[in-house]
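The structure appears below as structure tokens.
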Amino acid sequence: MAGEQRLLLENARQLVLVCGRGEKYLLQAGMASLAVLQNASLVVGQDGYIKAVGPADVIRNQFSGATFERKIDCTGKCVLPGLVDAHTHPVWAGDRVHEFAMKLAGASYMEIHQAGGGIHFTVEHTRKATEEELFNTFKHRLERMRRAGSTLVECKSGYGLNLETELKMLRVIERAKQSMDIGISSTYCGAHSVPKGKTATEAADDIINNHLPKLKELKLSGEMHVNNIDVFCEKGVFDLDSTRRILQAGKDIGLQINFHGDELHPMKSAELGAELGAQAISHLEEVSDEGIAAIARAKCAAVLLPTTAYMLRLKQPQARKMLNEGVIVALGSDFNPNAYCFSMPMVMHLACVNMKMSMNEALAAATINAAYALGKSDTHGSIEIGKQGDLVIINSSRWEHLIYQFGGHQTLIDYVIVKGEVVYKNERCGITSSY
């Protein structure tokens, strides 16, 4: 095949496709044997999409007449799909490191929240911050996520709780979507907490009558395209009725439902999500048996957050039971001031050790299933012809080292590639990181 192509990765010791037959997600049986090619190559075309994947000699013959903007010799190395982080809160101001000391001394999440800390502390600082200040810190955080292998990240608002600040946060996310080489799925999370001076019902009314109509207006004008709607459905925050009203109103203007549920108390959030046709529900530490069965039937992804359970000393999500019962299990970092972790390799490691997932399951949950949780598994989450050329190259002969070496990604990852363009190159490979 002649013509100019964007990228050739050749002679990879292992090329981890994850999926090979166009699957939108993988259940437990499919996760058991991920698609992996040995001594393989791949080609990304000028449009940033994968044109060919296969044995190195076959690709060499197929593209013998082609020219490439860039070639990378992957001899002895592994190529994986770019990682997908299905749950983050990356736009905020203020520092909550002092709360970590409080937690270590025994204070609970809700105790800190009720003492004026937690979300409300961050809300106060985020409201005061300028858009430029928020963008600069957000950009830096996204760069750190990308260096750890994430090429598609879900990004929430939710530290404004009033229309003005929520829109400020969403504009920051939209700006990053347009200007940075990383995939972003944006989430309106104005129902992250009940604002001071309002009841949950009053806050829900404000969101439904004022916030969501404004998002619809901005979408129609082309100024902003938000993908998902989120609510923190929790005792003392938004009850089941308020959650239902907000999520349904968001769905009615075209937003995917992707919300926090059953984290600290059993709320029947999973049952509600299944009923409303949610794309995904996050946390689920306290999900009921009926809730697990409901989301399995509804093909609603469970976004599990092992960092949160670890740092807040919560009950671990029931990953094994969910997998056994046919739930689509995905992973996210839950990066936020309360769970400060940028690294999906570390998330996968914690999922294996603390939630008893296998390494195959964790990788599928952090690629194809996380992409499914964002409604993007048709273009992201695996290495297949026609999908976006988002890739990670690690300096190891077996892909499992990315999970096995806890905290080792900074040395292991040689390249991160988005749409066939190198967006990070390890200094060990000859040049400094490029953004």
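Residue count for segment 97-115, restricted to those that are surrounded by 19 or more Cβ atoms within 10 Å (Cβ to Cβ) and either closer than 19 Å to Arg175 by Cβ or among the hydroxyl-bearing types (Ser, Thr, Tyr) (or both): 1.
Of all the listed residues (Gly326, Gly254), the sole one being closer than 22 Å to Tyr25 by Cα, part of a loop (DSSP other than H, G, I, E, B) and out of contact with any His (no Cβ under 9 Å at 6 or more places or on another chain) is Gly326.
When segment 179-217 is filtered for residues that are in a loop (DSSP other than H, G, I, E, B), open to solvent by 10 Å² or more (accessible area, probe 1.4 Å) and of a type in the set (Gly, Ala, Ser), only Gly197 remains.
Of all the residues in segment 228-267, those that are surrounded by fewer than 22 Cβ atoms within 10 Å (Cβ to Cβ), modelled with pLDDT of 95 or more and over 20 Å from Leu304 (Cα atoms) number 11.
Between Glu285, Glu263, Glu275, Glu271, which is outside any helix (DSSP H, G or I) and either over 24 Å from Asp95 (Cβ atoms) or among the aliphatic types (A, V, I, L, M) (or both)? Selected residue: Glu285, the only one of Glu285, Glu263, Glu275, Glu271 that is outside any helix (DSSP H, G or I) and either over 24 Å from Asp95 (Cβ atoms) or among the aliphatic types (A, V, I, L, M) (or both).
Only one of the numbered conditions (1) of a type in the set (Ser, Thr, Tyr); (2) without any contact (Cβ under 8 Å) to a residue 60 or more places away in the chain; (3) under 17 Å from Met145 (Cα atoms) is not met by Tyr310, and that is (3).
Residues are listed down the side, and each one gets a yes or a no for (1) within 27 Å of Pro345 (Cα to Cα); (2) in contact with a helix residue (DSSP H, G or I) (Cβ under 8 Å, 6 or more places away or on another chain):
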residue: Arg60; (1), (2): no, no
residue: Phe68; (1), (2): no, no
residue: Trp92; (1), (2): yes, yes
residue: Val97; (1), (2): yes, no
residue: His113; (1), (2): no, yes
residue: Lys128; (1), (2): no, no
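Would you confirm whether or not segment 157-178 contains a residue that is touching a Leu at 6+ places or on another chain (Cβ under 9 Å), more than 26 Å from Ser221 (Cα to Cα) and surrounded by 24 or more Cβ atoms within 10 Å (Cβ to Cβ)? No, there is no match, as no residue in segment 157-178 is touching a Leu at 6+ places or on another chain (Cβ under 9 Å), more than 26 Å from Ser221 (Cα to Cα) and surrounded by 24 or more Cβ atoms within 10 Å (Cβ to Cβ). In summary, Gly389 fulfils each of the numbered conditions (1) over 26 Å from Gly45 (Cβ atoms); (2) open to solvent by less than 10 Å² (accessible area, probe 1.4 Å) with the single exception of condition (1).
Exactly one residue out of Phe335, Phe342 is within 25 Å of Ile292 (Cα to Cα) and touching a Lys or Arg at 6+ places or on another chain (Cβ under 8 Å), and it is Phe335. One residue alone among Gly94, Gly118 is open to solvent by less than 20 Å² (accessible area, probe 1.4 Å), in the same structural domain as Cys341 (by the TED database) and not aliphatic (A, V, I, L, M), and that residue is Gly118. Residues of segment 329-342 that are in a loop (DSSP other than H, G, I, E, B), open to solvent by less than 20 Å² (accessible area, probe 1.4 Å) and among the aromatic types (Phe, Trp, Tyr): Phe342 alone. In the condition set (1) in contact with a helix residue (DSSP H, G or I) (Cβ under 9 Å, 6 or more places away or on another chain); (2) under 30 Å from Gly381 (Cβ atoms), Asn227 is compliant with all but (1).
Against the list (1) part of a helix (DSSP H, G or I); (2) open to solvent by 50 Å² or more (accessible area, probe 1.4 Å), the condition Lys51 fails is (1).
Scanning segment 392-435 for residues that are among the aromatic types (Phe, Trp, Tyr), farther than 18 Å from Leu42 by Cα and at pLDDT 95 or above gives Tyr404, Phe406, Tyr424. Taken as a whole, the structure leaves Glu143 outside the set of residues that are part of a strand (DSSP E or B) and either touching a residue at least 60 places away in the same chain (Cβ under 8 Å) or among the basic types (Lys, Arg) (or both).
Name every residue in segment 18-48 that is in contact (Cβ under 8 Å) with a residue 60 or more places away in the chain, of a type outside the set (Phe, Trp, Tyr) and surrounded by 21 or more Cβ atoms within 10 Å (Cβ to Cβ), in order of residue number. Hits for segment 18-48 are Val18, Cys19, Leu26, Met31, Leu34, Leu42, Val44.
For segment 80-121, a residue qualifies if it is part of a strand (DSSP E or B) and in contact with a Lys or Arg (Cβ under 9 Å, 6 or more places away or on another chain), and the qualifying residues are Pro81, Val84, Thr88.
The values are calculated or read from the model by the stated rules, or taken from the named source; none is laboratory data. On a predicted model such as this, the values are computed, not experimentally measured, just so you know. Cβ coordinates were reconstructed from backbone atoms using ideal geometry, including for glycine residues, and neighbour counts include every protein chain displayed. All accessible areas refer to the heavy atoms of the entire protein, side chains included, with ligands and DNA or RNA removed. Shrake-Rupley method; radii C 1.70, N 1.55, O 1.52, S 1.80 Å.
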